[in-house]
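Here is the structure we will look at, set down as structure tokens.
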Amino acid sequence: MAKLYFRYGAMGSSKTANALMVEYNYRERGKRALLAKPKLDNRDGDAVMKSRAGLSHPCIYLETLTAMEDRQIQQYDCIIVDEAQFAVKSQIEFLVHIADDLDLPVICYGLRTDFRRELFEGSMWLLAWADEIEEIRTVCWCGKGARFNARFDESFHMITQGEQIVLGANDNYTALCRKHHREENLGIRPFDADAAEGKRKGEI
């Protein structure tokens, strides 16, 4: 029997990179994995799944997947969904249908909670219904496990109120442990790999 998986992690925990590597592993073995993400997530262009590390691959939208006929979905060996926290209940129910009735594994990646430590709709239903729940780990600036997402402004002050979803603000989030999220203690600025590389080469 196929399973519905929910692999969650805080911002910067390489969730999308993990999703793309799973698709690659299927493809390398001559199998077909279908990549999908909610249409709401258009930060990287139209129907593209892209990781912070630079990995990318074309995908379809979750809304397209839920409109497909069962026979079309059964042409694939696995369904991989990124940014699953943006899904709604009916879409998670459809993923359950794929796993239970079509006997295809469905692997979902996403955030568990928002910047206020509150569940997203998609992650809430995945936590309720997934067969297997796994954490993709990352660390806080203090070295402890980071499971919470902090949003900050241009002055590097933590934001605690506002819209749950703000797209195009990847550079305004960092992952914190619960203690430092509660204290609104951002510690040091998140590591900027491009700036560090420029400094190493004497460009800055």
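I need two numbers for the chain: Rg to one decimal and Dmax as a whole number, Cα atoms only, in Å.
17.7, 58
Helix-only estimate, please: 222 nm mean residue ellipticity of the chain, summing -39500 (n - 2.57) across DSSP H runs of length 4 or more and dividing by its residues, to the nearest 500.
Using -39500 (n - 2.57) per qualifying helix, the result is -8000 deg cm²/dmol.
Could you calculate the contour length gain from residue 185 to residue 25, that is, 0.36 nm times the residue separation minus the distance between their Cα atoms, to one decimal place in nm?
53.7 nm
Accessible area of the chain with a 1.4 Å probe: how many percent of it is carbon plus sulfur?
Carbon and sulfur: 45 percent of the exposed surface of the chain.
Hey, can you find the accessible area per residue of the chain for me, probe 1.4 Å, expressed in square angstrom?
Per-residue value: 54 Å².
For the chain, with only Lys/Arg (+1) and Asp/Glu (-1) charged at the beta-carbon, what is the dipole magnitude about the Cα centre, in debye rounded to 20?
Dipole magnitude for the chain comes out near 760 debye.
Take the Cα coordinates of segment 36-138, assign each an equal point scatterer, and use the Debye formula without solvent to give log10 I(q)/I(0) at q = 0.09, 0.20 Å⁻¹.
-0.22, -1.10
The values are calculated or read from the model by the stated rules, or taken from the named source; none is laboratory data. Everything quoted here is computed from the prediction, not taken from an experiment. Backbone-built Cβ (ideal geometry, glycine too); neighbour counts: all protein chains shown. Heavy atoms of the whole protein, side chains included, go into the accessibility calculation; ligands, DNA and RNA do not. Shrake-Rupley method; radii C 1.70, N 1.55, O 1.52, S 1.80 Å.
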